[in-house]
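The values are calculated or read from the model by the stated rules, or taken from the named source; none is laboratory data. All of these numbers come straight from a predicted model, not from anything done at the bench. Note that we place each Cβ from the backbone using ideal geometry, even for glycine, and neighbour counts take in every protein chain shown.
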Amino acid sequence: MKSGMPENKITPRSVGTDVFKTELTGSAIPHDEADKDYLFYILYTRLVSAMTDTNGIDVELIENLLIEICLMLRLSKAETRVFKNSQEEQQGAGETLCCFDTGKEGREIKSIRVVTSVMTSATIMVYMVPDEEPLTEDEERKVDLVMRTVLSFVSRNRLKNVIYELAYFDELGYPNLRNWREYLDEEVKEKRTANKLAFRYNLRHFSLINQRFGRPLGDMIMKDHFDTLKEIIGEDGYLARLGGDNFIGICSSTKTGAVVDFLTETEIRTPKGVAVNVSTSAGFFRIPDDHDAQTDEIMGSIINAYRVAQNGGMDNIIFYDDSFKDKKLKSMKIQQCFSEALEKGEFRPFYQPKVNVENGKLAGAEALCRWFHGGKVIPPFEFIPVLEQTSEICRLDFHMLECVCRDMRRWADEGRELITVSINFSRKHILNTYLTETIAEIVDRYRIPHELIDIEFTESTSEVEFEDLKRIATGLRNTGFDISIDDFGIGYSSLNLIKDIPWTTLKVDKIFLPEESDGGSDVRSIMFRHVVSMTRQLGLECIAEGVETVQHVNVLKANNCEIAQGYYFDRPLPVEEFEARLAKGIYDIPQ
Ligand code: C2E
Ligand code: MG
Ligand code: MG
């Protein structure tokens, strides 16, 4: 501080960063006018340079300078308010940014209001105690100058804040991806990521929560979930939203248990006290302490774990480990050679018979894909999930349909009696608005009656998918194709799925079939009985999958489930072997 300047005897009490208040503890304002004038311009010059410092704003310095200026100009109080809209202004609400207050009762002596583009308006008001001498003309000029300087500073800062908010926060106020990346870059640069736990998660079925409670309450539930997790991960962690119901974060690995527990499932209460269970699919990556993981590597690992978590059926919390790298390599190899393999005809259908357990008749077949590659037969679980990641699965499904139609045309031309063949169609198709037309075009090209083609879909995972599935399934049904729900019971079966879509067939998953050791009254048998009875009452055909034993066949018969598919009768067969079954057309049924 320049010599001759009064010692600052004011103690500022900072509230937040922009707001300041003072407690008057004494003053050392010079009495001589020339000194005062000199001091004012020194203070003012310092104030302007502090407010425009490109190296960063020292809020405390600005506060102290303003305090000194206000005291010097004999003000008792100065207040700046910004209003985001005219309603706020009318109600006298708004945000108070700069506030100097001696606590003495004063009257307003001057106010200035400005309208800017980033806030509707801002007002600055200054007060003096009534027994104070009125401001001289010169003082008034100074007060005016300082008020306008403060207003311009506030608007400029506001603009900076608005730009910052737009760049680093999304529309609901969550830190966004850019925010996250800059945070992570800094952590990586400062070598603070070792041993930390990074994760990415998605709120499961959040669209259902939105649908049940409405969007505004859905937003509140999401925010509550976010804030609670933020509290769990604490100060040395970070959490951001990637968009929609997708989030990413990092925290100390000491919090692993708490974070995993929370993300597995937690109960959030609405303001009215209704409990909502929120669960997530989450991929975790524990950053090793012995290597300098770079941002992209960390991001890649979290995303890999997350993808596995998302596709992993019931296992929704996945930790990244090195085996992921091998899997990734394998996936890349499959993706690279898929197109060529498809063209070379390496993907072929095997046919698994469906058998009527009442009369032993061959009732239909399911085409299941096999990949003949490098002298080996590769089963679907090795390549279908990989192809589903990129939607290449759609090309495979159309290829399979084409192969099946070609076989059926040949069987018809050979004078064989045709039976219904089902083909699995991935859920990836359901966004295709021309799916029905494309399927019909292929089937018609081979002159196969539509009712002999059955398209199997697995259950959808979200309400959004459900609407698309309904549209597609209804379209197919109206075009004469059969449609089946595959693997019923292991996904997220909902009664709406059955009620609102005109299915022809429901395929009950093998988990409902009793084990050898089960008695007749176990939960599985009870559920099986009710699923079959419900299916029949709704007029749908019911097929039990995974029928492996005589006992299974008997359970089907006892519960009036007519059609069986499973190893007891046949495994999926190469076409020539299946043709032999087609010729015979009948199976022995245990009595
Ligand atoms: P899915 O559609 O539910 O097919 C039934 C699966 O159960 C087949 O496995 C079949 O071999 C197996 N299975 C049949 N009977 C029994 C049994 O008695 N016991 C047991 N434990 N399993 C039995 P696969 O052929 O390995 O196919 C697996 C899954 O891959 C299929 O399940 C289907 O979801 C998918 N998939 C197969 N081919 C295609 C295709 O061309 N396109 C699409 N999108 N998915 C396909
Ligand atoms: Mg199937
Ligand atoms: Mg199935």
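For the range 27-116, please list each of the strands (runs of 3 or more DSSP E) lying entirely inside it that holds at least 3 residues being within 27 Å of Glu132 (Cβ to Cβ) and not assigned by TED's automatic domain parsing to the domain that holds Lys142. Don't jump to the end; show me each part of the working.
Details: elements: 77-83, 95-101, 107-114.
So the answer is none; nothing clears 3.
For the range 366-383, give me the residue count where each residue is on the phi < 0 side of the Ramachandran plot and away from ligand 2 (no atom under 11 Å from the Cβ).
Filtering the range 366-383 for residues on the phi < 0 side of the Ramachandran plot gives 366-373, 376-383.
Restricting the remaining residues to those that are away from ligand 2 (no atom under 11 Å from the Cβ) gives 370-373, 376-379, 381-383.
Here the count works out to 11.
Every listed requirement among (1) surrounded by fewer than 19 Cβ atoms within 10 Å (Cβ to Cβ); (2) in the same structural domain as Ile439 (by TED's automatic domain parsing) is met by Phe488 save one, (1). Exactly one residue among Asp522, Asp570, Asp500, Asp588 is closer than 21 Å to Ile453 by Cα and not aliphatic (A, V, I, L, M), and that residue is Asp570.
This table checks each residue for (1) in contact with a strand residue (DSSP E or B) (Cβ under 6 Å, 6 or more places away or on another chain); (2) among the hydroxyl-bearing types (Ser, Thr, Tyr); (3) away from ligand 3 (no atom under 16 Å from the Cβ).
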residue: Cys542; (1), (2), (3): yes, no, no
residue: Gly546; (1), (2), (3): no, no, no
residue: Gln551; (1), (2), (3): no, no, yes
residue: Asn554; (1), (2), (3): no, no, yes
residue: Ala558; (1), (2), (3): no, no, yes
residue: Asp570; (1), (2), (3): yes, no, no
residue: Leu573; (1), (2), (3): yes, no, yes
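Any chance you could count how many residues in the range 184-193 are touching a residue at least 60 places away in the same chain (Cβ under 8 Å) and assigned to a helix (DSSP H, G or I)? Walk me through it before giving the result.
The first filter runs over the range 184-193 and keeps only residues touching a residue at least 60 places away in the same chain (Cβ under 8 Å), leaving 184-185, 187-188, 191, 193.
Next, only the ones that are assigned to a helix (DSSP H, G or I) stay: 184-185, 187-188.
Result for the range 184-193: 4.
The set of residues in the range 475-500 that are modelled with pLDDT of 95 or more and away from ligand 3 (no atom under 16 Å from the Cβ) comprises Gly475, Leu476, Arg477, Asn478, Thr479, Gly480, Phe481. Of the residues making up the range 440-469, those that are over 26 Å from Cys542 (Cα atoms) and either more than 15 Å from ligand 1 (Cβ to nearest atom) or at pLDDT below 95 (or both) are Glu441, Asp444, Arg445, Tyr446, Arg447, Val464.
Condition test on Lys428, is it outside the structural domain of Ser281 (by TED's automatic domain parsing), at pLDDT 85 or above, crowded, with 19+ Cβ neighbours inside 10 Å and within 30 Å of Gln211 (Cα to Cα)? Taking the combined requirement at face value, the residue does not satisfy it. Every condition in (1) more than 30 Å from Lys584 (Cα to Cα); (2) surrounded by fewer than 20 Cβ atoms within 10 Å (Cβ to Cβ); (3) free of Cβ contacts under 8 Å to residues at least 60 places away in the same chain is met by Pro385 except one, and the failing one is (3).
List the helices (runs of 4 or more DSSP H) that sit entirely inside the range 492-589 and contain at least 3 residues that are more than 29 Å from His205 (Cα to Cα) and among the charged types (D, E, K, R).
On the way: elements: 495-499, 523-537, 550-558, 575-584.
Those helices (runs of 4 or more DSSP H) span 575-584.
Residue pairs whose Cβ atoms lie under 6 Å apart, separated by 6 or more positions or on different chains, with the first residue in the range 391-409 and in the same structural domain as Lys428 (by TED's automatic domain parsing) and small (Gly, Ala, Ser) and the second in a helix (DSSP H, G or I) and surrounded by fewer than 19 Cβ atoms within 10 Å (Cβ to Cβ), are Ser391/Lys428. The set of residues in the range 95-131 being free of Cβ contacts under 8 Å to residues at least 24 places away in the same chain and touching a strand residue (DSSP E or B) at 6+ places or on another chain (Cβ under 8 Å) consists of Glu95, Arg107, Glu108, Ser111, Arg113, Val115.
Considering only residues in the range 397-454 that are within 16 Å of ligand 3 (Cβ to nearest atom), assigned to a helix (DSSP H, G or I) and among the charged types (D, E, K, R), the one that is farthest from the chain's Cα centre (by Cα) turns out to be Asp397.
Every residue, every condition in (1) more than 16 Å from Thr80 (Cα to Cα); (2) among the aromatic types (Phe, Trp, Tyr); (3) modelled with pLDDT under 90, yes or no:
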{"position": "Met1", "(1), (2), (3)": "yes, no, yes"}
{"position": "Asn8", "(1), (2), (3)": "yes, no, yes"}
{"position": "Phe20", "(1), (2), (3)": "no, yes, yes"}
{"position": "Gly26", "(1), (2), (3)": "yes, no, yes"}
{"position": "His31", "(1), (2), (3)": "yes, no, yes"}
{"position": "Leu43", "(1), (2), (3)": "yes, no, no"}
{"position": "Thr54", "(1), (2), (3)": "yes, no, yes"}
{"position": "Leu66", "(1), (2), (3)": "no, no, no"}
{"position": "Ile69", "(1), (2), (3)": "no, no, no"}
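Criterion first (within 16 Å of ligand 2 (Cβ to nearest atom), farther than 30 Å from Asn478 by Cβ and within 35 Å of the chain's Cα centre (by Cα)) does Phe512 satisfy it?
Values: within 16 Å of ligand 2 (Cβ to nearest atom): yes; farther than 30 Å from Asn478 by Cβ: yes; within 35 Å of the chain's Cα centre (by Cα): yes.
Judged against the criteria, Phe512 is a match.
Among what's in the range 405-439 and is basic (Lys, Arg) and more than 23 Å from Gly475 (Cα to Cα), pick the residue that is nearest to ligand 1 (Cβ to nearest atom). Even if it seems obvious, please write down each step before you answer.
Our first condition is that a residue be basic (Lys, Arg); within the range 405-439, this holds for 406, 409-410, 416, 427-428.
Going one step further and asking which of them are more than 23 Å from Gly475 (Cα to Cα), we end up with 406, 409-410, 416.
On the way: Arg406: 15, Arg409: 19, Arg410: 19, Arg416: 23 Å.
Taking the candidates together, the pick is Arg406.
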